[in-house]
Amino acid sequence: MQRQTLPPRTAPRYASMALFFVAGATYATWGIHIPTLRDRFALSPAWLSVAMFAVALGAIVAMQPLGRQVAKLGSDKVVGISAWCFAAATGLLMLMPNFWLTLVVLIGFGIANAAYDVAMNAQAATVEAGSDKPIMSTLHGLFSVGGMVGASVGGGLISLGVPPWLHFVGMGVLIAIVGVIARPKLIADPTVGAMNQDKHAHSGRLLWVIGFLAFLGLVAEGAMYDWTAIYLRDVAQSAALASFGYATFSGGMAVGRFSGDALRARLGMLKLLMVSGCVGLAGIVLALAWPHPWAALIGFLFMGLGCANLVPIFFVAASKLPGMHAGEAIAAVARLAYVGMLIGPVLIGFVAEHAGLRLAMVLVALSIAWIAIDGSRVLKKALKPAP
């Protein structure tokens, strides 16, 4: 009997799904073991913050050069290379004998994670471009599912007394295996061709604008992840429901992402962005205007639904800019988005210190309002063929 083979675009789809899922699981593995690192080296809160910042620093500094490498080599090749680097950094993370060597590995972990992230998103844009339906939001949804599975499995391993170093080595082996299996199924990026300098300069300017919108989106998203529990406890006066703030927002994100591709196919990118911004804005306004616990939870759910498809939309828009490789464009947008994710919670904390958390969260409303009002206009301009 003749062996059935997957259609040409189906295999890259499944390969991309596996890459996103493993990326989410790996990041969750690091997240749940942050207290392990603290206890192992008896770190103060300040030094623990340095360790966490090292991962983000590695990613932000390396993001743009990595984007150029993706443009030069192709996302399929960089996925293969970065998977091995990501696997090595993950496996080494809990094997270092002292904090300073661990800090070096954390920076390397951030760089390898950024390379893997940019390459798999560029590959996703290539797969979507050759497909009859969107896929980007679903892939980001699988990243979230990977995070939930990684956190759950990791928690179980901790309760069973499995040594952290063994958990990280096992995770590194899994990354390498998925990379080896997925790499042959990925497809080469379309070549940009001879670049018109005017078109490239035009796209470069639009890229900064898209990146700024992504920055605003991640300011809002980062603030929601870090401050929802405190808002419920201190402003809505409900310690019992405080832990549900994060879960409600994350649930909205998951539902929004897994329905996002179908909505984008039906509404189009511009309408979906406007609707997403309006839904998110309605949610945060509800939570701020009526600080009752259940009203806040409903507001956080709507914020999750609104934020879910922002980054996928911005990545797809960046990948379509004329005269630029998808990997380079996505890297530039991702770099600004990472900065927003870092700055958002800190900025909210600074304003809350002087004016209260409820007023500080108005910054989240302003960020999402800007996207709702101006985002569609910017993307329409970005997606308009250059003269």
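Only the coordinates and a few stated rules stand behind these numbers; no lab work does. Since we're looking at a predicted model, the values are computed, not measured. All Cβ positions, glycine included, derive from the backbone under ideal geometry; neighbour counts span all protein chains shown.
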Legend entry - Most positive-pole-ward Cα, Ile135, Gly304, Met361, against dipole of the chain from beta carbon charges: Ile135
Inset, instruction - Any chance you could get the radius of gyration and Dmax over the Cα atoms of segment 249-387, in Å? - result: 16.0, 52
Inset, instruction - Over the residues of segment 137-282, compute the C-alpha Rg and express it relative to 2.2 N^0.38 Å. - result: 1.40
Legend entry - Residues Ser152, Ser259 arranged by fewest to most Cβ contacts within 10 Å: Ser152, Ser259
Legend entry - Over 31 Å between alpha carbons, listed pairs Lys77/Lys320; Lys77/Lys271; Lys133/Lys381: Lys77/Lys271
Inset, instruction - Within 10 Å of each residue's Cβ, count the other Cβ atoms and sort His354, His33 from fewest upward. - result: His354, His33
Inset, instruction - May I ask you to evaluate 6.51 cos²θ - 1.76 cosθ + 1.60, the Karplus curve with θ = phi - 60°, for each residue of segment 53-62 and list the ³J(HN,Hα) values in order in whole Hz, giving x for glycine and proline? - result: 5, 4, 5, 5, 4, x, 5, 5, 5, 8
Legend entry - Volume per residue of the C-alpha convex hull in the chain, rounded to whole Å³: 154 Å³
Inset, instruction - Calculate the radius of gyration of the Cα atoms of segment 10-185 to one decimal place, then report Dmax, the largest Cα-Cα distance, as a whole number, both in Å. - result: 16.1, 53
Inset, instruction - Using the number of other C-beta atoms within 10 angstrom as an exposure proxy, rank Asp226, Asp117 with the fewest first. - result: Asp226, Asp117
